[in-house]
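**Q** My structure is below; once you've seen it, I'll send some questions.
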Amino acid sequence: MGLYERYEVVAKVIEVGLVPIFYHGDVEVAKKVCTAVVEAGSKLLEFTNRGPRAFMVFAELTKWRDSEKPDLILGAGTIIDSATAALYINLGADFIVGPSFNPEVAKLCNRRHVAYVPGCSTPTEIAYAEELGADILKIFPAEILTPKFIRNLLGPCPWLKLMPSGGLEPRKEMIEEWISAGAVALNMGTSLLRPDLIKAGDYETLKRLVEECLKYIREAKAKKQK
C-alpha cells in the first residue's frame, strides 16, 4: 500500500494544482526526476505504465520514496484494467490514473481506499465515474476538448473537480485559460518534464521549469478568486 490516504491525495492535488507525468526505464534517472519535482514543490508525480520495465522501476521507486522522499505522493498512470491497477497498488501506488474510465478499476480502488483519477470525455462518463467514487476526473484529451468543455460542465455541475490532460504546455497563457475555466489541477507530461533535459542530465533546468509552472498556477488561481 502507498504512504498516503485517499483524502490526502485528493487534497494535495487540489492544493498544488499540478500532477507531472513521467516514465523512464532507468531507476536512477527516475529517482533524479522525482527529486527535481519534489524540490520544485510539486510533491506529486504520475509514473506511467508505458514501458516494458515500468512496474519493476516503479517497485524500486516506491521503496526509495518511502525511505528517502516521503514527501512525494507517487501514483501510477496509464492504467486501463483492474489487474494492472492491483499490481501497482500492491507496489505502493498512492493513486491510480487512467486514460479512460474503467468501472472495475474504480471498484478495486474503492475497496482498497486508493484515489482513482479516470480519463473522461463526456458528461455521461463523468457522472458514472463520480457514482463509482472518483473524486478527481481527468479530462482527456484536453487538447481537443478545450477549456470551454470544462466551463460548460461546471455550469450545471459546479461540484466537479476536473484535471485536464493531453497536449497541455507550461505556458502562462495556457495555464490561466484552464484555471480560469475551472480546472482544479493540470496534468502535464513531456512538455514539462522534457526528455531532452532528462537525457542531458539537466535536472536543475527541469526543476526550474516545474517551479515556474507552479508559480503560474498559483497566480492563475489567485486571479480567479478575485
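**Q** Counting only residues that are of a type in the set (A, V, I, L, M, F, W, C) and buried (at least 24 other Cβ atoms within 10 Å of the Cβ), which one in region 17-32 is nearest to Gly98 (Cα to Cα)? Full working, then the answer.
**A** Within region 17-32, the first condition is being of a type in the set (A, V, I, L, M, F, W, C), and the residues that meet it are 18-19, 21-22, 27, 29-30.
This time we only want the ones that are buried (at least 24 other Cβ atoms within 10 Å of the Cβ), so: 18-19.
Values: Leu18: 16, Val19: 13 Å.
Only one residue tops the list, namely Val19.
**Q** Still on this model: Taking Val9 as the residue in question, decide whether it is touching a residue at least 60 places away in the same chain (Cβ under 8 Å) and in contact with a helix residue (DSSP H, G or I) (Cβ under 8 Å, 6 or more places away or on another chain). Break it down into steps so the answer makes sense when it comes.
**A** Working: touching a residue at least 60 places away in the same chain (Cβ under 8 Å): yes; in contact with a helix residue (DSSP H, G or I) (Cβ under 8 Å, 6 or more places away or on another chain): no.
For Val9, the condition - touching a residue at least 60 places away in the same chain (Cβ under 8 Å) and in contact with a helix residue (DSSP H, G or I) (Cβ under 8 Å, 6 or more places away or on another chain) - is not met.
**Q** Could you list, in sequence order, the residues of region 94-152 that are outside any helix (DSSP H, G or I), hydrophobic (A, V, I, L, M, F, W, C) and loosely packed, with under 14 Cβ neighbours inside 10 Å? Outline the logic, then answer.
**A** To start, the set of residues in region 94-152 that are outside any helix (DSSP H, G or I) comprises 94-102, 113-122, 132-141.
If we keep only those that are hydrophobic (A, V, I, L, M, F, W, C) as well, we get 95-97, 101, 114-115, 117, 120, 132, 134, 136-137, 139-140.
Matches in region 94-152: none.
**Q** Take region 84-96 and flag every residue that is closer than 21 Å to Met188 by Cα and touching a residue at least 60 places away in the same chain (Cβ under 8 Å).
**A** Ala93, Asp94, Phe95
**Q** Related question: So if I check each of Lys138, Lys172, Lys215, Lys107, which one is basic (Lys, Arg) and over 25 Å from Cys34 (Cα atoms)? Let's see the steps before the verdict.
**A** Numbers: Lys138 fails: over 25 Å from Cys34 (Cα atoms); Lys172 fails: over 25 Å from Cys34 (Cα atoms); Lys215 fails: over 25 Å from Cys34 (Cα atoms).
After applying the criteria, what remains is Lys107.
**Q** Test of understanding: among Glu28, Glu46, which residue is in a helix (DSSP H, G or I) and charged (D, E, K, R)? Spell out the reasoning first.
**A** Working: Glu46 fails: in a helix (DSSP H, G or I).
On inspection, the qualifying residue turns out to be Glu28.
**Q** Test Gly75 against the stated conditions and say whether it is free of Cβ contacts under 8 Å to residues at least 60 places away in the same chain, within 30 Å of Met174 (Cα to Cα), buried (at least 23 other Cβ atoms within 10 Å of the Cβ) and not basic (Lys, Arg). Full working, then the answer.
**A** Values: free of Cβ contacts under 8 Å to residues at least 60 places away in the same chain: no; within 30 Å of Met174 (Cα to Cα): yes; buried (at least 23 other Cβ atoms within 10 Å of the Cβ): yes; not basic (Lys, Arg): yes.
No; evaluated as a whole, the condition is false for this residue.
**Q** Tell me which residues, restricted to region 12-39, are touching a residue at least 12 places away in the same chain (Cβ under 8 Å) and among the acidic types (Asp, Glu). Write out each step before concluding.
**A** So the first thing to find is which residues in region 12-39 are touching a residue at least 12 places away in the same chain (Cβ under 8 Å), and the list is 12-14, 16-27, 29-39.
Result: Asp26, Glu39.
**Q** Could you check how many residues of region 209-226 are assigned to a helix (DSSP H, G or I) and either closer than 24 Å to Val27 by Cβ or without any contact (Cβ under 8 Å) to a residue 60 or more places away in the chain (or both)?
**A** Within region 209-226, the subset assigned to a helix (DSSP H, G or I) is 209-225.
After this cut, where a residue has to be either closer than 24 Å to Val27 by Cβ or without any contact (Cβ under 8 Å) to a residue 60 or more places away in the chain (or both) as well, the list is 209-210, 212, 215-216, 219-220, 222-225.
Residues flagged as assigned to a helix (DSSP H, G or I) and either closer than 24 Å to Val27 by Cβ or without any contact (Cβ under 8 Å) to a residue 60 or more places away in the chain (or both) within region 209-226 amount to 11.
**Q** Looking at region 171-208, which of its residues are within 15 Å of Ser42 (Cα to Cα) and either part of a strand (DSSP E or B) or of a type in the set (Phe, Trp, Tyr) (or both)?
**A** Leu186, Asn187, Met188, Tyr203
Readers should treat all values here as calculations from the given coordinates under stated rules, not as data from a laboratory. The structure displayed is predicted, hence computed values, not measured ones. Please note: Cβ atoms are built from the backbone with ideal geometry, for glycine as well, and neighbour counts cover all protein chains shown.
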